[in-house]
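Presented below is the structure to which this report refers.
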Amino acid sequence: MLARLTACLRAFARRRQIDAEADDEMRFHLEHEIEANLGRGMSPAEAKRVSLRDLGGVTQTREAVREVRTMWLDSVWYDARLALRSLRRTPVFTAVALLTLALGIGANTASSRSSTASCCTPSPTPVRRS
C-alpha cells in the first residue's frame, strides 16, 4: 500500500515528463507505420494519412493513454484547487462555513468528553477500614 502511494506521488510529480515520454512513443509508432507504408509503395502524403488513420488519431490516442495513466491524485489536486478558488471568491460563505465547522467540532468534542467522563470513569466509593 505504501509502495503504491509512493509510486502515485512520484508519477504525479513527474507527469509532464511521463506525457513527453508517451508523446515520443506515439511519434515513434507513427514514423514506423509511415515507413512501412512507404515500403508498400504508397506516396509520402498517402502513407502519412493512412498511418494516422490506422493509429486512430493522435489526439484521441494521447487522451486514451492519459486517461489510463491518470490517477486519483490528479483529480483530488484539481478538486482542491477548484474548491480553494471558489472559497476565495466568496469570503462571507467561507467564514460562515469555517465557523460552523469549528462550532460543530467543538460541540462534538465537548459532548464526547463529558459522556466519557460520566460513563467510563469509576465512581468514587468510600474505602472501608476494618
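The values are calculated or read from the model by the stated rules, or taken from the named source; none is laboratory data. Worth saying up front: this structure is predicted, and the values here are computed from it rather than measured. No Cβ is skipped: glycine too gets one built from the backbone with ideal geometry, and neighbour counts run over all protein chains shown.
Structure data summary
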item: Residues of the stretch 64-86 that turn out to be assigned to a helix (DSSP H, G or I), surrounded by 11 or more Cβ atoms within 10 Å (Cβ to Cβ) and either at pLDDT below 85 or assigned by TED's automatic domain parsing to the domain that holds residue 19 (or both), as a count; result: 8
item: Residue in the stretch 41-58 that is nearest to residue 21 (Cα to Cα), counting only those that are out of contact with any helix residue (DSSP H, G or I) (no Cβ under 8 Å at 6 or more places or on another chain) and at pLDDT 80 or above; result: 53
item: Unmet requirement for residue 125, which otherwise passes all of (1) outside any helix (DSSP H, G or I); (2) in contact with an Asp or Glu (Cβ under 7 Å, 6 or more places away or on another chain); result: (2)
item: Criterion (of a type in the set (A, V, I, L, M) and within 27 Å of the chain's Cα centre (by Cα)) met by exactly one of 38, 55, 30, 84; result: 84
item: Only one of 24, 19 that is touching a residue at least 12 places away in the same chain (Cβ under 8 Å) and among the acidic types (Asp, Glu); result: 19
item: Some residue of the stretch 87-96 being under 30 Å from residue 10 (Cα atoms) and surrounded by 10 or more Cβ atoms within 10 Å (Cβ to Cβ); result: yes
